[in-house]
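The values are calculated or read from the model by the stated rules, or taken from the named source; none is laboratory data. Because the structure is a prediction, the values reported are computed rather than measured. Heads up, the Cβs are rebuilt from the backbone with ideal geometry, glycines too, and the neighbour counts pull from every protein chain shown. With ligands, DNA and RNA removed, areas are computed over all heavy atoms of the protein, side chains included. Shrake-Rupley method; radii C 1.70, N 1.55, O 1.52, S 1.80 Å.
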Amino acid sequence: MIRIEKLHKSYPIGKDSLHVLKGIDLHIKEGEFVSIMGSSGSGKSTLLNIVGLLDIHDEGEYYLNGQLIKDLNEKKAAILRNKFLGFVFQSFNLISYKTALENVALPLYYKGMNRKERLKVALDYLDKVGLKDWASHLPNELSGGQKQRVAIARALVTNPKVVLADEPTGALDTTTTDSVMDLLKDINDEGMTVFVITHEEEVAEQTKRIVRLRDGVIISDTLTKAAKAQ
Amino acid sequence: MFDLDRWREIFQSINKNRLRSVMSGFTVAFAILLFTLLFGVASGLGNFFKSAFSDDAQNMMLVRVWKTTKPYKGLQTGRAIQLKNTDYNYVTEEYEDQIQYQSARIYKNFSIKYKNEASSYSVRAVHPDHQFLEKTLMDEGRYLNNRDLREKSKVIVIGRLVKKDLFGEKPALGKRVNVNGSSFLIIGIFSDEGGDNEERIVYIPVTTAQMMYGNNDYISQINLGYNPNLSTDAAIAFGKKVERDMRKRLNIHPDDQSALSVRNMAEANKFVGILMFALYLIIGFIGSGTLVAGIIGISNIMIFVIKERTKEFGIRKALGATPGSIIGMVVQESVLITTLAGYFGLTLGTYILSAIGNSLEETYFIKDPSVSPGIVIGATVILILSGLIAGYVPAKRAARIKPIEALRAD
């Protein structure tokens, strides 16, 4: 599903440049539940941005769903994001003036689905994350855990190939963290590839594979107990 | 362009951010309001100038004579000039193509009597076309016609106030009145926008007058309506030519203004035209300046708005919005706000103008100020263009927003 070979990325800082990713090789198969661990500055966010087509790499190769990602213009990237990727962010990133249902339906709008149909599909996904009764509420009327569930429903609504979650539990307390992780696990159990970035050991432990990053290189790549138990 | 979902998105965004939208629309609304008022006032001034002459046809040209003030070809100063039928026929035949209406006019002053009521009135003996030159409005009956002229009929068309004087509220049409001793049949009653004096006169056929009073072929003046297809300049030139011709014909010194003059509405029209052109130029300058300020204002606010909505656009892009769709959305929002605000200004302006109405005519020479449908259509086009211009720069900025930066956890 995701194949990365010898990936490099630098950011210019004044005259110098900061070499953030120094040759990453990573292969994630369909249906995997992977977490990327690393302290801040390890390059994990940069990796997620590149995988999420929000940023471009300098060197190396990146295949998404078998397709080589190269020379993408913004429009193509937008279309690919819409088609293959679902995003879950630490700060939820719901649009404040739209209801939960409208937020979930937004990716379908950019897909070109008509309103009636997309609201129906969106409601199904809200139901799936247990928030059908909250469909007409605005984000500021929801708790943090509920917001993240809405965001997850939004990530899933286009039926993407990969769900990318950037510190999905970073803004949540322990109880809601568990419930959000349970939700991600359920999604994974249904066959979805889930790619989580976190710096919390407990969160990473709940995924099936942990890739540890330090200073732009992978230092370990192991299966978790949960995976071994299966 | 017409994408119902896009409109829904825009309405939602405007509706959820009403204050912001109103603020950004305000400058444009104000600009258009100002523009409408200025334009309306200008057109009101124009209307006043036009109406100052408008009880007569706009294309009227009068050939009038008096006494010579310069000797010419051995003829003395102080000679009275007399126009005759031959002069009238000469002008109307010579310049047939340049003439729309033609009428001679003879002035008389007679006592007119009906039963016991009698009074002195100004009598004008004319041709049928005189009705159009003088803009005589028929209230009852008919005006003079060619048959009346041919048969030298003793028929009379009386003014509304003449009828009121002699008949009161009783019907006058078909009755006979005594004009200077002869009995005339009333065939019509007219009114005229030129005021009371223009309604206290009577019209009779020019041929009848010539036969009855002096048995000659004298006329007092020649009234023409130049061909309305002539440009103002061509009409002025035509007037000058008639003037030269007639002076030559009547042996008048070419520079003797008082012996023969041609009063040409085209000259007044040209003056008003130049005045209005200058006025509209000034107003166009002020108006478009205000509008440009409005556009810059709305554009500035939109840029600010885009900054405020950076995160939202970042989210949209992460979810699959293409740069094109972001640009389209922002521009469309800008066009919508501009157009709505502009129409608000336009409506308010039109309303104020219609409330003013004619109340300023006496003091400020502003009559019936208003904006024409053409202006409204023009304004619509300008508003949409303004919206496009105002929205484009902010939209470009919005499209350049990088999702990573917008979504960075803060």
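Remarks
- 27 Å Cα-Cα reach of residue A:228 towards lysines, excluding residues that sit fewer than 8 places from it in its own chain: A:29, A:44, A:161, A:185, A:208
- Note on residue B:292 and residue B:16: with the Förster distance fixed at 30 Å, the Cβ-Cβ geometry gives a FRET efficiency of about 0.50.
- Of the DSSP H helices in chain B, those whose Cα atoms cover at least 27 Å axially and whose Kyte score averages 0.0 or more: B:18-51, B:265-308, B:323-356, B:373-400
- With every protein chain in place, segment B:101-220: carbon and sulfur % of accessible area (1.4 Å): 43
- Probe 1.4 Å - accessible area at residue B:211, Å² to nearest ten: 80
- Centroid-to-centroid separation of segment B:264-336 and segment A:151-216 [C-alpha atoms, Å]: 47
- Site pair residue A:215 and residue A:11 shows an inter-label distance of 1.9 nm when each label is modelled 7 Å from Cα along Cα→Cβ.
- For segment B:101-220, the number of Lys pairs separated by eight or more positions or lying on different chains, with C-alpha atoms closer than 21 Å, is 23.
- Spatial separation of Cα centroids for segment B:9-55 and segment B:224-252, in angstrom: 44
- Length-normalised contact order of chain B in % [C-alpha pairs under 8 Å, at least 6 apart]: 27
- Spatially proximal lysines relative to residue B:311 (Cα-Cα < 17 Å; intrachain offsets below 8 disregarded): A:98, A:147, B:16, B:396, B:402
- The region of chain B that goes longest without hitting one of the GluC sites (Glu not before Pro) in a DSSP loop, each with at most 13 other Cβ atoms within 10 Å, is B:194-410.
- Across peptide A:94-103, the average count of Cβ atoms from other chains found within 10 Å of a residue's Cβ is 3.
- Shape call, segment B:205-247: gyration tensor on alpha carbons, a/c limit 1.5: oblate
- Rough spin-label spacing in nm, given labels placed 7 Å along Cα→Cβ, for residue B:50 and residue A:182: 8.0
- Residues residue B:280 and residue B:185, FRET efficiency given R0 of 60 Å [Cβ-Cβ distance, rounded to 0.05]: 0.75
- Its DSSP H runs of at least 4 residues, each contributing -39,500 (n - 2.57), put the calculated 222 nm mean residue ellipticity of chain B at -18500 deg cm²/dmol, to the nearest 500.
- Global geometry of segment B:101-220, whether rounded, prolate or oblate, following the gyration tensor of its Cα atoms and the 1.5 cut on a/c: oblate
- Between 0 and 90°, nearest 10: helix A:174-189 axis offset from chain A longest Cα axis: 80
- Remark: the Cα gyration tensor places the protein assembly as shown in the prolate category, a/c being 1.5 or greater and a/b exceeding b/c.
- In segment B:30-124, the chymotrypsin sites (Phe, Trp or Tyr not before Pro) that fall in loop regions by DSSP, at most 14 other Cβ within 10 Å: B:66
- Qualifying trypsin sites (Lys or Arg not before Pro) in segment A:1-78, where qualification requires a DSSP coil assignment and no more than 13 other C-beta atoms within 10 Å, comprise A:15, A:29, A:70.
- Between residue B:384 and residue B:94, the contour length at 0.36 nm per residue exceeds the Cα-Cα span by 99.0 nm.
- Set of segment B:149-165 residues, backbone N closer than 15 Å to the point 7 Å along the Cα-Cβ line of residue B:137: B:159-161
- FRET efficiency estimate (nearest 0.05) - Cβ-Cβ, residue A:72 to residue A:223, R0 35 angstrom: 0.60
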